[in-house]
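We did not get these values from a lab; they are worked out from the coordinates using the rules stated. Keep in mind it's a predicted model, so treat the numbers as computed, not measured. Cβ placement follows ideal geometry from the backbone for every residue including glycine, while neighbour counts extend to all protein chains displayed.
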Amino acid sequence: MKNLTQIKGIEELLKKLPENYQSWYHFGNIISLNYGKEFDYEKEFDYVDCIEMILTDDEHKYKINVRLIDCVGEMSFDILNGFWSGLEIVYHESYDYRHYEFTSFEQDISFDVWCRDISVKLIEE
């Protein structure tokens, strides 16, 4: 998480999360997953694909709202499990305008999505 300073909201998220939770692999449970198209007034001036999800740790102690903006790629997973443990977000500076790769190492999930922007926010209850 610490090396992804380009993500909107990451600095605030890191301030609120304890040090031992500051890695993506802790947040392998998907509470909600929404896909939709939104009009992008800032960069594309067209409709773009967006994914919004709420991720949590195994104890459901911390919940993070993750928003992927202007996405391409594919995702499929075994809904019996409903989790993955190999979540990874990688920033590729040299790629086209979709610099972020949102992916997983798990064998029963195929989540390989590229997006232009990511925003994160800790959900506080």
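Here the chain is assigned +1 on the Cβ of each Lys and Arg and -1 on the Cβ of each Asp and Glu. Its dipole about the Cα centre then comes out at about 380 debye. Sparsely packed loop sites in the range 1-45 (the chymotrypsin sites (Phe, Trp or Tyr not before Pro) outside DSSP H, G, I, E and B with at most 16 other Cβ atoms within 10 Å) comprise Tyr41, Phe45.
For the range 3-45, GluC sites (Glu not before Pro) meeting the loop criterion (DSSP other than H, G, I, E, B) and having at most 10 other Cβ atoms within 10 Å: Glu42.
Pop a pseudo-label 7 angstrom from the Cα along the beta-carbon direction at both Leu122 and Lys37 and give the gap in nm to one decimal. Here the modelled spin labels are 3.7 nm apart. Provide, for q = 0.13, 0.14, 0.16, 0.22 Å⁻¹, the log10 of I(q)/I(0) from a solvent-free Debye sum over equal Cα point scatterers in the chain. Ignoring solvent entirely, the Cα scatterers give -0.51, -0.60, -0.79, -1.47. Pairs of C-alpha atoms in the range 13-64 farther apart than 12 Å represent 69 percent of all such pairs. Only one residue of Ser119, Cys50, Leu17 has its Cα farthest out toward the positive end of the dipole of the chain, where Lys and Arg carry +1 and Asp and Glu -1 on Cβ, and that residue is Leu17. Tell me, which longest segment in the chain has none of the trypsin sites (Lys or Arg not before Pro) that fall in DSSP loops with at most 11 further Cβ atoms within 10 Å? With a cap of 11 other Cβ atoms within 10 Å, the longest stretch comes to 62-125.
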